[in-house]
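Values quoted throughout were computed directly from the atomic coordinates according to the rules given, and no laboratory measurement underlies them. What you see is a predicted model; the values in this text were computed from it and never measured. Every residue, glycine as well, gets a Cβ built from its backbone with ideal geometry; the counts of neighbours run over all protein chains shown.
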Amino acid sequence: MENDTLVRLIDYAALREKFQRRLDASNQGMLGEAYYSACLELIDEAPAVDAVELRHAMPVKFYSDPYTNRLFTTCSACDGKIGPKDKWCKHCGARMDGEDGDT
Ligand SMILES: [Zn+2]
């Protein structure tokens, strides 16, 4: 995977607070103050991405397809038909990690 295609979602407020604390603590050094001020500017200017909250689900109702005899199950979040070993629901995007509900 190319590095420029990676997107890592981080907690903007937590990161900004860390740098703000460093800036507040650097009152005796002009260099530190300039550095942490520049970091805060970079954090504020960082591009945002659209993201949706991760849905969690679990497989329910295992059954065999009467035509192919292959085993299937349904997603607890959307009732879509998925494979028994699928880690993600191909219909609603929920992660099959065993947590209940469609949060
Ligand atoms: Zn689903």
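Any residue that is in contact (Cβ under 8 Å) with a residue 40 or more places away in the chain, out of contact with any Leu (no Cβ under 8 Å at 6 or more places or on another chain) and among the small types (Gly, Ala, Ser) - is there at least one of those in region 71-85?
First, pick out the residues of region 71-85 that are in contact (Cβ under 8 Å) with a residue 40 or more places away in the chain: none.
No, region 71-85 contains no residue that is in contact (Cβ under 8 Å) with a residue 40 or more places away in the chain, out of contact with any Leu (no Cβ under 8 Å at 6 or more places or on another chain) and among the small types (Gly, Ala, Ser).
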Legend entry - Residue, surrounded by the fewest Cβ atoms within 10 Å (Cβ to Cβ), within region 44-59, restricted to residues that are out of contact with any Lys or Arg (no Cβ under 9 Å at 6 or more places or on another chain) and charged (D, E, K, R): Asp50
Inset, instruction - Mind telling me which of the residues Ser76, Ser26 ends up being surrounded by 11 or more Cβ atoms within 10 Å (Cβ to Cβ) and more than 16 Å from the ligand (Cβ to nearest atom)? - result: Ser26
